[in-house]
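Notes follow the structure.
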Amino acid sequence: MANRSFSFLGRDMAVDLGTANTLVYVRGRGIVLNEPSVVAIDTKDNKPIAVGAEAKRMVGRTPGNIQAIRPLKDGVIADFDICEKMLRYFILRVHQRRFAKPRMIICVPSGITGVEQRAVIEAAEFAGARRAYIIEEPMAAAIGAGLPIHEPSGNMVVDIGGGTTEVAVISLGGIVSSESIRVGGDELDEAIIRFANKEFSLAIGTRSAEELKIALGSAYPLQEEARAEIRGRDLQTGLPKTVIVTTEQIREALNVPLNAIIDAIKATLDRTPPELASDLAQTGVVLTGGGALLTGIAARLQAETGMPFRVADDPLYCVAMGSGACLEEMDLFARMLKSGPSR
Ligand code: ADP
Ligand code: MG
């Protein structure tokens, strides 16, 4: 009997369907899956040949008939059919006992439309959910970062993902003001690509740009600036070429997308009632999502807004942990969940 109730507990799941990474949290167990949101498709018959990490390794090096697709690239569902296949693949990998119908909470970028939300709920139900619920990403991020969202004080969370940045002020369990922009880590990578093109006439791929961002990128002056080699292909001759870049140059290149994020934060603060805004000046703002790991981001945001910022513990896991917390205590968080018609 004890065994049986444990397996019941183990089936409900929460999915962080991110533009860059998908995480699955299983009730009573925690995060059991963490894979890039990438699907490799054989263009001859449109069948997926790899999903997740295996598919991401193919990005930029696929032969003609294989295409690596990120179905949620710009924070919206760019390719619904592929998105549904990916979601189904991840769910089935975690949920082997198809006859047991779990409840499922799916966390999606808040920029997606109502129609897309319904479509995600349907995909989850198609993949075997008894009942699927949607939670807004900044709410899940705030819960995962441990913010006291049920209290009457103001809490602000900024989640910088791959395709989007979500800014929200939360009080008494609800979102008071928010802003969602289609600028995130991908735009930082693209800014590095544009910089290499313009400055050195050098072509580099998105994967190298992301590696450069993680290794050398920063948002605020470093104690010790450094220089490093970047390798790519000369745009004129087509031949391999290596150039030297400095951390100052990379930081400069990141300014355009970083300023868009700063503007979104300022716009949200402008729309926040004064009482809550003054709470925020005390409690500060929490950063979540992979973009929170960019070196110096908290210092930069603090300098630009005059508010204290801190990076959450394990920023890449906050949304999954927060939607997992909702799953563990659905009654407590019922207000934050949106569901389709019950069946
Ligand atoms: P999403 O929720 O949209 O799937 P994530 O929260 O998983 O996005 O964050 C992915 C983004 O975080 C990517 O753009 C990735 O390049 C970026 N990222 C991950 N680690 C770092 C790091 N150490 N420094 C800067 N950016 C990072
Ligand atoms: Mg996310």
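The values are calculated or read from the model by the stated rules, or taken from the named source; none is laboratory data. A quick note: this is a predicted structure, and the numbers were derived from the prediction, not measured. Cβ sites come from the backbone with ideal geometry, for glycine too, and all protein chains shown count toward neighbours. Accessible surface is based on the protein model in full, side chains and every heavy atom, while ligands, DNA and RNA are left aside. Shrake-Rupley method; radii C 1.70, N 1.55, O 1.52, S 1.80 Å.
Can you spot the aspartates and glutamates whose alpha carbon is less than 15 Å from Lys198's alpha carbon? Ignore those fewer than 8 places along the same chain.
Excluding near neighbours in sequence, the set is Asp189, Glu190, Asp234, Glu252.
Express as a percent, rounded to the nearest 5, the fraction of DSSP beta bridges in segment 192-300 (both residues included) that run antiparallel.
Of those bridges, close to 90 percent are antiparallel.
How big is the dipole moment of segment 12-158 about its Cα centre under a simple scheme where the beta carbon of each Lys and Arg is +1, that of each Asp and Glu is -1, and everything else is neutral? Debye, nearest 20, please.
Numbers: 19 positive and 16 negative charges, 133 e Å.
So the magnitude is around 640 debye.
Give me the Kirkwood hydrodynamic radius of segment 194-278 in Å, from all C-alpha pairs, to one decimal place?
Evaluated on segment 194-278, it is 14.9 Å.
Considering the dipole of segment 216-297 built from charges on the beta carbon (Lys and Arg +1, Asp and Glu -1) around the Cα centre, which of Ile265, Ala228, Leu280 is farthest to its positive end?
My answer, from the dipole projection, is Ala228.
Rank Ile193, Gly324, Val169 by how far each Cα sits towards the positive end of the charge dipole of the chain (+1 on Lys, Arg Cβ; -1 on Asp, Glu Cβ) and give me just the farthest.
Ranked along the dipole, the leading option is Gly324.
Would you mind calculating the gained length between Ala215 and Glu199 on full extension (0.36 nm times residue separation, minus the Cα-Cα distance), in nm to one decimal?
3.8 nm
Grab the Cα-Cα distance for Leu222 and Glu252, subtract it from 0.36 nm times how many residues apart they are, and report the gain in nm with one decimal. It would help to have the intermediate numbers written out before the result.
Working: separation 30, 0.36 × 30 = 10.80 nm, distance 1.27 nm.
Length difference between fully extended and current span is 9.5 nm.
With charges only on Cβ, +1 for K and R and -1 for D and E, what is the dipole size of segment 167-260 about its Cα centre, in debye, rounded to 20?
Rounded to the nearest 20 debye, it is 240 debye.
With +1 on each Lys and Arg Cβ and -1 on each Asp and Glu Cβ, and nothing else charged, work out how big the dipole of the chain is about its Cα centre, in Debye to the nearest 20.
Approximately 1500 debye in magnitude.
Cα to Cα, under 12 Å, and not fewer than 8 places away if on the same chain: which aspartates and glutamates meet these conditions relative to Lys56?
Glu35
Within segment 271-302, whose backbone N sits under 14 Å from a point 7 Å along Cα→Cβ of Ile31?
Those under the cut-off are 288-293.
Quick one: length gained pulling Asn65 to Arg231 fully straight, 0.36 nm per residue minus the C-alpha distance?
Length difference between fully extended and current span is 57.1 nm.
Given only helices, namely DSSP H runs of n ≥ 4 each adding -39500 (n - 2.57), what is the per-residue ellipticity at 222 nm of the chain, to the nearest 500 deg cm²/dmol?
Calculated from helices alone, the mean residue ellipticity at 222 nm is -11000 deg cm²/dmol.
Find the Cα radius of gyration of the chain, compare it with 2.2 N^0.38 Å by division, and give the number to two decimals.
That ratio works out to 1.03.
Using a probe of 1.4 angstrom, how much of the accessible area of the chain is carbon and sulfur, in percent?
Solvent-exposed carbon and sulfur of the chain make up 50 percent of the total.
Taking the alpha-carbon distance from Lys338 and a cut-off under 19 Å, which lysines remain once sequence neighbours fewer than 8 residues away in the same chain are dropped?
Lys101
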